[in-house]
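*Asks:* Next up is a structure, given as structure tokens.
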Amino acid sequence: MYRRAHLSRTITLVVALFATVAATSAFAREFRAADTQNEDYPTVQALLYMGSVVAQRSGGRHQIKVFHSPQLGEEKETLEQTRVGAIDLNRTNVALIGNMVPAMNVLAMPFLFRSIEHLQKVLDGPIGSEILDSFEPYGFVGLAFYDSGARSIYNSVRPVRSIADLKGLRLRVQQSEQMSDMIKSLGADPVELPYGQVLTGLATRLIDGAESPTDYCRPICDRENCDCNEQCNECFPTFHVHLWLPAKLPRSLYLETPGRTTG
């Protein structure tokens with residue numbers, strides 16, 4: 001669930017951070033930002049707006065070049081590029097970054113939060129700050145969280161109204177050992193695929209369905225080659241959290257930037 005206030009706070013945070021970086025350099029710089037969603041997706045639009053603010057406040061000297069969709073690869077590849085400094089800013093998924101930063105696996109657990117308000121209270125508080133602080137030893141700087149609501153199960157075989165209905169379904173999961181183990185424990189057969197391959201997987205019957213946030217699955221269910229008979233059944237309320245990851249910035253810059261965590 002994206003909210004204007006949350007996007008605004010994150011934009012303010014990152015613009016302030018970039019402005020601090022820019023002030024330490026006499027040269028113009030183009031920051032590279034990655035987001036694997038389509039150009040019209042809220043997080044990509046936030047990056048584009050962020051770029052316009054940075055350009056305006058630096059008098060055009062500094063720019064954010066946004067690579068949306070899988071232009072620089074799927075999330076797994078963009079995370080590696082962020083870690084080595086080829087990408088400056090990255091919006092990624094909790095399950096994938098958990099392969100590199102173990103503390104993030106906590107947030108990928110199912111049924112962890114009672115509500116959106118509970119989630120935001122945890123992430124905006126000391127626990128959220130502690131999790132973001134755990135990124136640095138792994139080559140990242142954690143800036144902020146996003147949430148996009150509960151994850152849903154959708155498939156082309158049968159309605160999912162109970163855990164028993166999951167038995168034997170081949171479901172796409174993110175490229176995460178934890179997500180695979182979780183789906184397997186519910187009785188389904190996990191198939192690890194990048195998000196960009198979900199439509200192909202459904203069309204070729206490699207998978208019967210998938211699990212994802214509601215705003216991801218509705219467009220997929222509406223595509224003619226999906227033939228899903230159960231659209232966005234929210235029986236599986238695992239929260240989906242995003243974070244911004246700027247690579248290799250001096251620790252003093254982000255520690256002195258107010259309001260690191262956002263809901």
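*Asks:* Could you list Lys121, Lys65, Lys76 in order of exposure, starting from the residue whose Cβ has the fewest other Cβ atoms within 10 Å?
*Replies:* In order of increasing Cβ crowding within 10 Å: Lys65, Lys121, Lys76.
*Asks:* Residues with amide H under 5 Å of Leu72's amide H, sequence separation 5 or more or different chain, H placed in the peptide plane at 1.01 Å from N; which?
*Replies:* Residues meeting the amide H criterion: none.
*Asks:* Would you kindly derive the ³J(HN,Hα) couplings of the range 175-186 from the backbone phi angles with the Karplus curve 6.51 cos²θ - 1.76 cosθ + 1.60 (θ = phi - 60°), listing them in order in whole Hz, with x for Gly and Pro?
*Replies:* Each residue of the range 175-186 in turn: 6, 8, 4, 5, 5, 4, 5, 5, 5, 5, 5, 8 Hz.
*Asks:* Counting pairs on different chains as well as pairs 8 or more places apart, how many Lys pairs in the range 51-195 have Cα atoms under 30 Å apart? Before the final figure, lay out the partial values.
*Replies:* Values: Lys65/Lys76; Lys76/Lys121; Lys76/Lys167; Lys76/Lys184; Lys167/Lys184.
Close lysine pairs under the 30 Å cut-off: 5.
*Asks:* Tell me which residues come under 5 Å, amide H to amide H, from Ile87 once H is placed; ignore anything under 5 positions away on its chain.
*Replies:* Thr82
*Asks:* Using the count of nearby Cβ atoms within 10 Å as a rough guide to exposure, how do His118, His62 rank from fewest to most? Don't skip to the answer; put the middle values down first.
*Replies:* Values: His118 12, His62 20.
Arranged by neighbour count, lowest to highest, His118, His62 become His118, His62.
*Asks:* Ok, one more. So, in nm, how far is label Lys184 from label Val106 when the simple model puts each one 7 Å beyond its Cα toward the Cβ?
*Replies:* So the two model labels end up 2.5 nm from each other.
*Asks:* Continuing with the same structure: Sorting Arg32, Arg114 on the 10 Å Cβ count, fewest up front, what's the list? Walk me through the intermediate numbers first.
*Replies:* Values: Arg32 20, Arg114 10.
Exposure proxy ranking, most exposed first: Arg114, Arg32.
*Asks:* Also: What list of ³J(HN,Hα) couplings, whole Hz, do you get for the range 58-66 from phi and the Karplus terms 6.51, -1.76, 1.60, once you set θ to phi - 60° and write x for glycine and proline?
*Replies:* 9, x, x, 6, 10, 10, 10, 8, 9
All of the numbers you see were taken from the coordinates with simple rules; none came from a lab. Being a predicted model, the structure only gives us computed values, none of them experimental. Backbone-built Cβ (ideal geometry, glycine too); neighbour counts: all protein chains shown.
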